[in-house]
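Enquirer: This is the structure I want to talk about, given as C-alpha cells.
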Amino acid sequence: MPSPLDELPIRRLTIDDLVSCANLSEDRGWPREEHKWGLLLTAGRGYGIDDPDDKGLVTACVVTSYADLAAIGMVLVAEKHARLGVGRRLMRHVLAELGDRPVTLHATPSGQPLYEQLGFETTGRAEMICGHFRPSGLAPTVATRPATAEDLPAILRLDADVFGRDRTHVITRLPAFADQLRVAEDSGGVIGYAAAWPNMETHVVGPLVARDTETAKALVASLAAGTDRPLRTDVDVRHEELLDWLKANGLEPIAFNAVMTRNIPGLPGDWARRFAPLTVAAG
C-alpha cells in the first residue's frame, strides 16, 4: 500500500534550512553539527522533504559535486518516519538527477545494505578515531606552519592532484570554515596541508593531504598543539602506520565506515597521499 509520504514533494534545501537540518540530526541522535551543515548547504546542494505535521523535515541529504564526481552525505530520516521507505525514495530521486555521474559516499553498517541495493559497491574503508592527542615518542621532523593566502594556489594544485578532481569551490572555504589551516613544505614547496575545524566539542582533522606518513604525522601534531579539544578524524584504513601512531598518541577507535562508489570502480586520485577527507559527507 502506498504511503502518504510518497506524495510529499522533494525540494532543494538552502542555507535557510540549516536549523531544520540540525534538528533532524538531533532527532536521530547525531550531533547538531550546524557548522558542518552550513558548509555543505553552501558548497553543495541539499535535498529534503518537509514534514506536513510541523515545520521540520521528514528526510534530507546533501550532494557535493566535483566536476564529474559527486559525493552524497548526511542522509537522514526523522525517527517517526523511519523504515517507511522515504530515505530510499530520496536517494532514488537524487541518483536519478545525477544520472550516470560517478558517485561516492561513506556508509555506516546499517546504511550499507540500502546503498548496495541502489547500485553502490564497497571500494574502501575508513576508521573514525577520536580523543585528546598526547604526544609520545619521537616528534615528527617535517616542518609545518600556518597557511597564508599566498599558499592557496599551491594547496589547490596539490589537492587536485591528490583528489583527482578540482575542489576549488570547497577548499577555498577552508580559511573561514576551519580554526586552523597548516601546510608542510620542503625546499620544493608545499608537500602537504591539513585543517582542523570545529564540530561540537571536537576539532575534526580534515582534509589531511600529505606526501608521506611522516608529513601527515607532523601536520596532525601541529594541529593538536593549537587546540585543547579532542581531535576526530576518519582515516583510510590502508594508512595503518598513521592509525597506529594516532592510537599510540591518545586517540581511540570509534567506528568503521564503508567507502562506497557507484558508476566508478573506486575513488580517483592518489590514495597514498589522501589520508583523511574534509568530512565523510563531502569527501
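The values are calculated or read from the model by the stated rules, or taken from the named source; none is laboratory data. It should be emphasised that the depicted structure is a prediction, and the values quoted were computed from it without experimental measurement. Note that each Cβ is placed from the backbone with ideal geometry, even for glycine, and that neighbours are counted across all protein chains shown. Note: accessible area is taken over every heavy atom of the protein model, side chains too, but ligands, DNA and RNA are not part of it. Shrake-Rupley method; radii C 1.70, N 1.55, O 1.52, S 1.80 Å.
Enquirer: Any residue in region 181-198 that's farther than 27 Å from CYS130 by Cα: show its pairings with residues that are open to solvent by 40 Å² or more (accessible area, probe 1.4 Å) at Cβ separation under 8 Å, as long as the two are six or more apart or on different chains.
Expert: Between residues of region 181-198 that are farther than 27 Å from CYS130 by Cα and residues that are open to solvent by 40 Å² or more (accessible area, probe 1.4 Å), the close pairs are ASP186/ALA143.
Enquirer: Sticking with this one: Kindly evaluate GLY137 against the criterion of being within 24 Å of ILE72 (Cα to Cα) and either in a loop (DSSP other than H, G, I, E, B) or under 17 Å from the mean Cα position of the chain (by Cα) (or both).
Expert: no
Enquirer: Looking at region 132-143, can you tell me whether even one residue there is surrounded by 13 or more Cβ atoms within 10 Å (Cβ to Cβ), in contact with a helix residue (DSSP H, G or I) (Cβ under 6 Å, 6 or more places away or on another chain), in contact (Cβ under 8 Å) with a residue 12 or more places away in the chain and of a type in the set (Phe, Trp, Tyr)?
Expert: Checked region 132-143: at least one residue is surrounded by 13 or more Cβ atoms within 10 Å (Cβ to Cβ), in contact with a helix residue (DSSP H, G or I) (Cβ under 6 Å, 6 or more places away or on another chain), in contact (Cβ under 8 Å) with a residue 12 or more places away in the chain and of a type in the set (Phe, Trp, Tyr).
Enquirer: Can I ask one more? Give just the number: which of (1) of a type in the set (D, E, K, R); (2) touching a residue at least 40 places away in the same chain (Cβ under 8 Å); (3) in a loop (DSSP other than H, G, I, E, B) does ARG83 not satisfy?
Expert: Against the list (1) of a type in the set (D, E, K, R); (2) touching a residue at least 40 places away in the same chain (Cβ under 8 Å); (3) in a loop (DSSP other than H, G, I, E, B), ARG83 comes up short only on (2).
Enquirer: Of all residues in region 144-160, which are surrounded by 15 or more Cβ atoms within 10 Å (Cβ to Cβ) and not acidic (Asp, Glu)?
Expert: Within region 144-160, THR144, ALA147, LEU152, ALA154, ILE155, LEU156, LEU158, ALA160 meet the criteria.
Enquirer: Of the residues ASN257, ASN263, which single one is under 24 Å from ALA60 (Cα atoms), more than 19 Å from the chain's Cα centre (by Cα) and open to solvent by 10 Å² or more (accessible area, probe 1.4 Å)?
Expert: ASN263
Enquirer: Same structure, new question: Give me the pairs: first residue in region 16-29 and within 13 Å of GLY46 (Cα to Cα), second residue part of a loop (DSSP other than H, G, I, E, B) and not charged (D, E, K, R), beta-carbon distance under 8 Å, and six or more apart or on different chains, which are they?
Expert: SER20/GLY56
Enquirer: Still on this structure: Which of (1) open to solvent by less than 10 Å² (accessible area, probe 1.4 Å); (2) closer than 26 Å to ASP166 by Cβ does VAL86 not meet, given it meets every other one?
Expert: The number of the failed condition is (2).
Enquirer: Further, regarding this structure: Looking at region 58-77 only, could you name the residues that are farther than 26 Å from PRO265 by Cβ and open to solvent by less than 10 Å² (accessible area, probe 1.4 Å)?
Expert: Matches in region 58-77: VAL58, THR59, ALA60, LEU76.
Enquirer: Is it the case, given these coordinates, that GLN112 is open to solvent by 70 Å² or more (accessible area, probe 1.4 Å) and either modelled with pLDDT of 95 or more or more than 28 Å from THR42 (Cβ to Cβ) (or both)?
Expert: Judged against the criteria, GLN112 is not a match.
Enquirer: Suppose we keep only residues that are out of contact with any Lys or Arg (no Cβ under 6 Å at 6 or more places or on another chain) and among the β-branched types (Val, Ile, Thr) within region 210-243. Which one would you say is surrounded by the most Cβ atoms within 10 Å (Cβ to Cβ)?
Expert: For region 210-243, the residue satisfying everything is VAL220.
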